[in-house]
Structure formats: C-alpha cells, structure tokens
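Report on the following structure.
What follows is calculated from the coordinates using simple rules that are stated; it is not laboratory data. These figures come from a predicted structure and were not determined experimentally.
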Amino acid sequence: MNDTGDKFTDLSAENVKEKRPQFGNRNLENQDNVFEHNAWDNVEWNAEQERSAKEITENQWKSKLSQEKIDEYEKQAGTHWDTFYGIHQNRFFKDRNWLFTEFPELLPPPDEGCGNNIKPQETCVVNDSSFNLLEVGCGVGNTVFPVLKTNQNPNLKIYCCDFSPTAIEIVKGHPDYNQDRCNAFVCDISDEMSATPISDNSLDIVTIIFVLSSISPEKMQYVVNRLTRYLKPGGTILLRDYGRYDMAQLRFKQGRCLSENFYVRGDGTRAYFFTQDELKQMFEKAGLVEKQNLIDRRLQVNRGKQLKMYRVWIQCKYVKPC
C-alpha cells in the first residue's frame with residue numbers, strides 16, 4: 001500500500017483531536033508491567049544507563065573514520081540519499097500520525113473548520129492573508145501530504161525541498177500534489193549556492209523533522225540562520241530530531257563515527273544526535289526566541305522477544321521576534 005496515500009483519509013481536521021490523544025500520558029509505574037504495552041512515555045534513565053551510554057559513544061569516537069573517508073561521505077551526501085529514495089521510494093516511510101498532536105501549528109485555525117479550539121499561530125504580520133510553510137528535507141512527502149489533506153486553508157502554500165531529485169519526483173507524482181498549493185523543488189539547504197524560490201521574511205512556518213541531524217555539524221548554524229531569514233516576524237521553526245544516546249546512536253558499530261555524535265549508516269546516509277543545549281544555542285544565535293525545547297524519552301518494547309529499546313528525541317519550537 002502507498003504509505004503516503006489512502007491512509008490520509010483518517011487525518012481529517014475534525015478527527016485529529018479524537019483519534020490522536022496527546023503523547024506523554026502512558027507512564028511506567030511498575031517495572032513488572034513493562035511488557036504490557038508496546039511503548040511507555042517519559043522514561044527517565046538511571047545513572048548506570050547514562051554511564052553506559054557515554055562509555056559506548058566514547059568507544060565509537062575512538063574508532064573515528066579517516067578524514068579522507070569523512071570528506072568522501074560529505075561529498076557524496078546527496079548521492080547517497082538519492083540512491084536511498086530510489087531503492088525504497090514511498091514504501092519505506094509511514095505517515096506521521098503524531099504530526100498534528102505535536103505541532104498543532106500546522107492545523108487550520110478554528111474558523112477554517114478545524115473544530116479543535118486550537119488557536120491559530122500568533123503572528124506579527126498585519127493585513128497578510130497568506131500562510132506559507134516550508135518543509136525542509138521533505139523526502140517523499142510524509143509531512144507535506146498530511147498537511148495538504150488536513151489543512152484546507154485557501155491561503156495555504158507549502159514549499160518543500162530535498163536534495164534528492166528522486167524524492168522530489170516522487171512528491172510531484174503523488175495524486176494529492178497540487179502545484180497551486182504546493183511547490184516542490186530540489187535544494188541542498190546547507191549549500192549557499194543552492195537557490196530556493198523563497199523570499200526573505202515570507203514564511204509563517206518552517207519544519208525540519210529528522211533533517212538537521214543529517215547535515216554536517218559545521219554547516220548546521222548556516223542552515224538555521226538561512227531558515228531564520230525566510231521567516232516572517234512572528235514565524236516559527238518546528239523541529240523534531242534525534243536526541244543524545246538514542247537507541248539508534250548506541251547501536252552504531254565501530255568504524256561508523258565521523259565526528260563526535262555524528263555517524264554514517266551502512267547506506268551512506270548520516271545522523272547526528274543532539275542535546276537540548278546544542279539546539280538552544282544554535283537557534284538563539286540565529287536570533288530566535290524559545291517557545292519549546294523538550295526531550296521525549298520513550299521506552300519501546302518487543303513483547304515477543306522481551307526486548308527493551310530506549311528512544312530519545314528532541315522537539316523544539318523557536319520564534320522569530322517581531
């Protein structure tokens with residue numbers, strides 16, 4: 001089944017609140033009950049877990065790749081992602097059903113038929129009926145198409161970019177792609193020579209969901225600065241990404257470390273694992289004001305194999321001052 005297709009019918013604005021209860025409500029009170037559910041929220045780590053995770057990452061760092069290999073992966077970053085989408089296309093990804101729970105800013109305001117009492121995004125722009133959104137690293141459209149389906153605001157315009165031409169071709173070939181409401185284009189947002197059709201001070205929202213982590217750490221500040229320029233005063237950057245010591249980080253084998261907390265996967269794609277302070281410093285250095293910066297610690301379990309998997313994500317919302 002096409003993961004970016006028919007399932008969006010369950011994401012109508014009227015049903016979002018009813019069908020997507022707020023995350024963070026299932027807390028593990030008794031360790032004896034750990035395998036009763038597939039996931040638990042707000043799971044705190046003890047000192048031993050923190051110590052063990054730190055030791056694992058320090059050992060990974062000791063087997064850091066050569067500078068020649070690091071430069072090669074940087075040079076071939078776009079090629080590796082293009083190959084990735086060429087292989088998996090739209091079969092790999094699942095719909096982001098949590099999207100509107102965590103980021104209600106993407107929903108239409110109540111007077112547009114949302115029916116959920118969520119206030120529209122605060123804005124400093126007067127007499128401007130447009131609502132412009134940029135999805136950076138859009139992949140095959142797992143954020144773009146739920147928003148297009150759910151938010152019927154007639155003034156909504158979504159820009160979406162990825163540096164994989166294959167991904168953009170898949171987005172443009174989707175049955176819900178409408179060039180009147182959506183503009184998909186190829187762009188390496190970390191490359192100042194890679195142009196966009198977006199003007200400064202023109203966007204209400206920028207989403208960077210599991211994207212900043214794929215960019216070389218030395219280029220991250222440039223990316224945040226660039227995206228900040230595109231925001232209108234009062235506009236917001238929404239981020240969700242990997243947190244430090246997430247299960248995915250601790251599973252990397254020796255010889256996969258590019259720099260501290262930055263790794264290359266077997267397919268050549270890369271991932272960085274953030275702390276809250278790192279992201280706070282980047283966004284505030286760009287001149288943004290913190291609205292949210294939280295850690296989402298979740299314990300996922302395989303009840304059949306009796307396995308525990310600790311996930312760590314970070315979610316941020318930063319606003320451009322008026």
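Residues with amide H under 5 Å of residue 159's amide H, sequence separation 5 or more or different chain, H placed in the peptide plane at 1.01 Å from N; which?
Amide H neighbours of residue 159: 133, 134, 135, 183.
What fraction of the Cα pairs in the range 145-212, stated in percent, has a spacing above 15 angstrom? Present the calculation step by step, with values, prior to reporting the outcome.
Values: 1326 of 2278 pairs.
Everything past 15 Å amounts to 58 percent.
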